[in-house]
Structure formats: structure tokens, C-alpha cells
Amino acid sequence: YKLNKVFFLYLYKMKAQKQTQLIVALDTNSIEGALSIADRIGNKVDWFKVGKQLFCSHGPIAVKRLKSMGKKVFLDLKFHDIPNTVSQAVCAAAETGADMINVHASGGSEMMKVAKDALKKKNPDVLLIAVTVLTSMDDESLRLVLDRNDNYTSAQHVSHLAKLAKTVGLDGVVASAHEIEIIRNACGSNFKLVIPGIRPSDSSINDQKRIMTPAEAALRGADFIVVGRPITQSADPASVADSILREIN
Ligand code: C5P
């Protein structure tokens, strides 16, 4: 009995202390610039994010070149369209070699479900993640979009969208670090939480509103943190990445 108890406590501890991974957002027009940042950062970081800016400038080759460097790629194109268009788009996105793809949860349950089902048939290992409320929005800007005059908060809306995504079988959500606890409680520990809006305490906030430091986000149980400008606009991206990794470890 005692041995069992020790074993289960150990398992619980391991579960609670799951490792947070860093995704570096390569938001640039220059493929050589993006690859050079990935190269300078080296083996310390496995995951890189190709977003709209890099993808619209260079297309699938950006993903393919990162894959040929042995990297994992989050292709952040945030699809939001009718179900058929989105399901075809996520399958095409998976063909680039991306390991993680996303859609907007506000596209609705049917859109998310059809996309996940299509991906399951063709590329079952690719993670499909739903964007909830952008981290650049605060409660007031959300209420303006939703045309609400009450006290509805972005945390409430994030939780609602996360539950929708979980119900139709998505692998996780993108949300701000402030909503980690509420989503964990609603969606369980296997649901992946991808957290942008991360700022080391000495860096500039830029256009982000619901921000948190890497250490706080990791302590709250983020599976992935996404960091862009604090790394990519630094004179020494490798050392900023290093210090973020030290914080989350
Ligand atoms: O430069 P910064 O660290 O603010 O970059 C954050 C990245 O995460 C950007 O590429 C942005 O598109 C993305 N993102 C976000 N908020 C979301 C979803 C994605 O900031 N809700």
C-alpha cells in the first residue's frame, strides 16, 4: 500500500510538472532572416512558428526548410471560413509538413469538427488547435466585437470557446496565460494549451494586452509558450531564447 501511494504521488508530481516548450514565432518577410534566427538559436529550441507574414511571403518552402533543419513547425494561419474550405485548407497545410495547425474557434463547431475529421484521416499526428480570443484583445475590445454592454469577460469567452473546441475533438487551444487555469478545469490535463502574449519582464509589450512572463505561464501549466518579437528583434536571439528556457525550466 505504501509503495503504491509513493508511486501515485510520483505520477501526480510528474503530471503536474509537465515540461513547457518554447515556440519561437518567426514573424518576418525574409526567409533567410527566419532561417538564420532558427540557426543561431540552434538545438536548444525544437519548435518554430511560421505565421501569415512569412507564409504569405514565401509559402510552404518556409515550413519545408525548417523541417529539413529537423525542427517542428507550428503553421499559424488561423483559418476561419466555411467548413468545406477550412477542412481542405488544413489538409493542404498538413501536406507542407507542419506539425501543428490552427483554426479560429469562433468559426463554429461544425467548421472545427469537419476540419479535425479530415485531418484525422490524412494526417492523424498533426495537432489541430483552436484560437480562442486573441491576446491583443482585452475585455472591452471583445465586448465591442460581441456588441455586449454587460460585464462579460474575455476569460468567460475563452472558456466557452475552449469547451466547444474540446467537444468536437480538437487537440487544444491558443489562449492567454491568464486563462490557463479556467481552461484546464474545463478541458482537462491532456488538452494542449498554446500560450502567446508572453513577455520577459524586461521586454516591451508591443501590441499585446493580456500578457505574462515565461516563468508564470510555465508554472500555471502551459504546454507551449509562443514568443516572437522579444527574441526575433533582439540583437542576440540565442541568448534571449536561452534565458526564457532557463525561466521555464
Ligand atoms: O511578437 P509576439 O511575441 O507578440 O508574437 C506572438 C505571436 O503569437 C504572433 O505571431 C501572433 O500572431 C501569435 N498569436 C498571438 N495571439 C493569439 C494567437 C497567436 O499573439 N491569440
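The values are calculated or read from the model by the stated rules, or taken from the named source; none is laboratory data. Not measured: the values here are computed from a predicted model. Don't worry about glycine lacking a Cβ; one is built from the backbone with ideal geometry, like all the others, and counts go over all protein chains shown.
Determine whether V103 is outside any helix (DSSP H, G or I), under 16 Å from the mean Cα position of the chain (by Cα), within 15 Å of the ligand (Cβ to nearest atom) and farther than 18 Å from D171 by Cβ.
No, not satisfied.
So which of K13, K78 ends up being over 25 Å from D236 (Cα atoms) and either assigned to a helix (DSSP H, G or I) or at pLDDT below 95 (or both)?
From the options K13, K78, the qualifying one is K13.
Just to be sure, is K72 away from the ligand (no atom under 15 Å from the Cβ), under 18 Å from the mean Cα position of the chain (by Cα) and closer than 25 Å to M112 by Cα?
Yes: the conditions hold for K72.
Just to check your reading of the model, which residue among N249, N190 is loosely packed, with under 14 Cβ neighbours inside 10 Å, farther than 30 Å from R40 by Cβ and of a type outside the set (A, V, I, L, M)?
Numbers: N249 fails: farther than 30 Å from R40 by Cβ.
Result of the check over N249, N190: N190.
Would you please name the residue that is nearest to the ligand (Cβ to nearest atom), looking only at residues in the stretch 121-137 that are surrounded by fewer than 18 Cβ atoms within 10 Å (Cβ to Cβ) and without any contact (Cβ under 8 Å) to a residue 24 or more places away in the chain?
It comes out as P124.
Looking only at residues that are crowded, with 19+ Cβ neighbours inside 10 Å and under 19 Å from Q53 (Cβ atoms) in the stretch 209-231, which one is nearest to the ligand (Cβ to nearest atom)?
G228
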